[in-house]
1. Is it the case that residue A:128 is under 20 Å from residue A:13 (Cβ atoms), acidic (Asp, Glu) and out of contact with any helix residue (DSSP H, G or I) (no Cβ under 9 Å at 6 or more places or on another chain)?
2. Which of the helices (runs of 4 or more DSSP H) contained wholly in the range A:4-75 include at least 1 residues that are within 18 Å of the chain's Cα centre (by Cα) and surrounded by fewer than 22 Cβ atoms within 10 Å (Cβ to Cβ)?
3. Only residues that are more than 10 Å from chain B (Cβ to nearest Cβ) and within 17 Å of the chain's Cα centre (by Cα): list them for the range A:145-157, please.
4. Give the residues of the range A:124-144 that are in a helix (DSSP H, G or I) and facing another protein chain (nearest Cβ under 10 Å), sorted by residue number.
5. Since residue A:393 meets every condition but one in (1) under 26 Å from residue A:278 (Cα atoms); (2) in contact with a strand residue (DSSP E or B) (Cβ under 8 Å, 6 or more places away or on another chain), which condition does it not meet?
6. Would you be able to say whether some residue in the range A:406-429 is in contact with a helix residue (DSSP H, G or I) (Cβ under 9 Å, 6 or more places away or on another chain), part of a helix (DSSP H, G or I), at pLDDT 95 or above and under 19 Å from residue A:56 (Cβ atoms)?
7. Residues to consider are A:234, A:230, A:219; find the one that is in contact with a helix residue (DSSP H, G or I) (Cβ under 6 Å, 6 or more places away or on another chain) and touching a residue at least 60 places away in the same chain (Cβ under 8 Å).
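The values are calculated or read from the model by the stated rules, or taken from the named source; none is laboratory data. Computed from a predicted structure; not experimentally measured. Here Cβ is always computed from backbone atoms with ideal geometry, including for glycine, and neighbour counts include all displayed protein chains.
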Amino acid sequence: MKTNGGSALIKALELEGVDVIFGLPGGAILPVYDPIIDSPIRHILVRHEQGAGHMAEGYAHATGRPGVAMVTSGPAATNIITPLADAYMDSVPMVVITGQVGTAGIGTDAFQEVDTVGITRSVTKHNELVTNAADIPRIVREAFHIATTGRPGPVLIDIPKDLVDPMNPNSALDWYWPDSVDLPGYNPRLEGDPKLIRDAAQLIIAAERPVIYAGGGILKARAAGSLLALAELLDIPVVTTLMARGTVPDDHPLCLGMPGMHGNYTAVTAMQESDLLIALGSRFDDRVTGKIDAFASKAKIVHVDIDPAELGKVRRPDVGITGDCRLVIDELILALKQIGAPEIQPDRSAWKSTISGWQEKYPLSYVQSEVGDLLKPQFVLEQLRDNTPDDCIVASGVGQHQMWTAQYWKFNHPYTWINSGGLGTMGFAVPAAIGAKVGRPDRMVWAVDGDGCFQMTAQELVTAAAERIPVKIAILNNAYLGMVRQWQEMFYQERYSEVYLSPDLPDYKMWAEAMGCVGMRVESPEDVLPAIQRANEVDDRPVVIDFRTDAREKVFPMVPAGKSNSDIVVGPEDVR
Amino acid sequence: MSTPMRHHLLSVLVENKPGVLARVSGLFARRGFNIFSLAVAPTDDPTRSRITIVVDVDSAPLEQITKQLDKLINVLQIDELAPADAVERELMIVTVMVTPETRSELLSLTEEYRGAVLDEAGDRITVSLGGTPEALDGFTAQMGTAVAAYQRTGRIALPRIV
């Protein structure tokens, strides 16, 4: 069948099961926007290309399916670099299609030309400049395969205009759809080495103070069920990193919650004091380990990751297993049972009581505000947590509000927490929440955002209002770039430099209403719950609540940057 | 210019496609490793190229760089060649300033190295030499300040036949 590159691209996306594209048209991608009119694929017209990328990420986080974004060349391609980098850091499956100037114009500094594959090389799992229209079906097939298998990640396809423009003979091709992909240099290893799995089982069954260190790879491998089975088999406590919140339910007795720079005392200290860390789909990120030389120095390491480059990158494992977390954990459970688990194992009652002692002594805490004072952000989060469905999806931006949400929310289901972990992208929350709601329209979706973050990407609420995507945004408005303020207070002698934003400029309620959303402002504790309840009832447009919160509130516990996790500062009374 | 212990030889088989060299060299730059020398050309299979890289790095980061290289979709195979297990060659063309007295000395040395005279004018002669990198180092050392300019290809290598 004779076709053209543009129609072939859309047909290929349909065959890959794509149901939604987040995008914004422009000159070079224009011919591809014509066949979209006749396609069953839903297109969501964003207001800024960065929004398209983060929406695709939010969609992927919530559904496990690859998010798809499509934008034009030049400035559109550069605008989507931040989401690509974000997806690369957090292993989010995403396919981004960019228009490019015509093949004859490449390299001539043509209008809206940038070297997109050159610029995005280090922030994509793979990228490809299409040079022949006949390659389009194959390249699309390969892109989805690469994005979704092995360690997932973003793949970019850059397509010159003449290859998709039916008026141009360069766009002609005979349609085909490859049965399989042929990528001789790409063979992710899924099955763990049986001998290494037996070695790991021996270390686990002998450990007296083991801790499972669960990372975002558990979610990517759909391994939450296997993880819980492993933890329960030997009664091993689990810390769930920022990227793994919800993999083991927070209300499960074995869940110790979040470790790291703003992790709770028990999660941080259990890792420090353990004699065996079982790292599953986690990567010893500096925000988890603190000063690496002082991290869990008594612990042996079992490390399972689908990316062999993660094994030994930061900490050399005693047993390092390359493989898919779900397959390896299932094999590990079998291996443990073969050597007598759960009957044969050391008495770990002392370890368990040590842990519960820490939990009792060092719970998360804050002091409720006095009448007439600004809201405590933690109080707002407790109210949100307790007055939304158990399977509510929560997205956040980056900063204090993100850490408080990760700490105070109860994540009882996988795929309910969406945030920017590795790259730390301010402005992630609003578009990511929109993408999540598009992917999971059956779920309630809240974004918890900071006032600084909100101002970076708020324009996408226009997209959400126009498309009737009823996300709900809680702005914890402390009128500051709060996390920077916290560091300036603690480490720069309270010399506040360029962190004040004002609570009233912009007027968030009016801004929300101008964007077609319901806007509310809440200043006192008794108004928090009614506002949340009112927001929960709105199902035809987005809602924005401007919660006026106390700027003096800091995120605790905290391991100061560069310090050992043993130097954890539990609360304000601990500071110096 | 002998090879210090920190020099490692990587033989990287890649798909012969546009941009692959940029992917490989970009990865070294991004991870902060210095490429000491690099040679690239198609192999007997025209869809494949072999990149021979001499990299200046300790062995622990080398493991990380080879694992990261292996993640590139267009990289097919990576072999780290220990000098004892590889045959290495490098090509050099060198322009030497000569006097009537030193001219014959250069020509006989070139013959000794099984090189060839490529060009000659006035007091300058350009010769080509192939050999082990160490042999080429020896030649330029022997010529000393008479060397006006030289260009080396970077080393190429294959595993020894066992």
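1. The answer is no for residue A:128.
2. It comes to A:49-63.
3. Answer for the range A:145-157, where residues must be more than 10 Å from chain B (Cβ to nearest Cβ) and within 17 Å of the chain's Cα centre (by Cα): A:147, A:148, A:152, A:154.
4. Residues of the range A:124-144 in a helix (DSSP H, G or I): A:133-144.
Hit for the range A:124-144 is A:142, nothing else.
5. It fails just one condition, (1).
6. yes
7. Numbers: A:234 fails: in contact with a helix residue (DSSP H, G or I) (Cβ under 6 Å, 6 or more places away or on another chain); A:219 fails: in contact with a helix residue (DSSP H, G or I) (Cβ under 6 Å, 6 or more places away or on another chain).
Just a single option satisfies the conditions, and that option is A:230.
Every residue, every condition in (1) under 17 Å from residue B:65 (Cα atoms); (2) in contact with a His (Cβ under 9 Å, 6 or more places away or on another chain); (3) within 12 Å of another protein chain (Cβ to nearest Cβ); (4) at pLDDT below 95, yes or no:
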{"position": "A:282", "(1), (2), (3), (4)": "no, yes, no, no"}
{"position": "A:289", "(1), (2), (3), (4)": "no, no, no, no"}
{"position": "A:296", "(1), (2), (3), (4)": "no, no, no, no"}
{"position": "A:299", "(1), (2), (3), (4)": "no, no, no, no"}
{"position": "A:307", "(1), (2), (3), (4)": "yes, no, yes, no"}
{"position": "A:314", "(1), (2), (3), (4)": "yes, no, yes, no"}
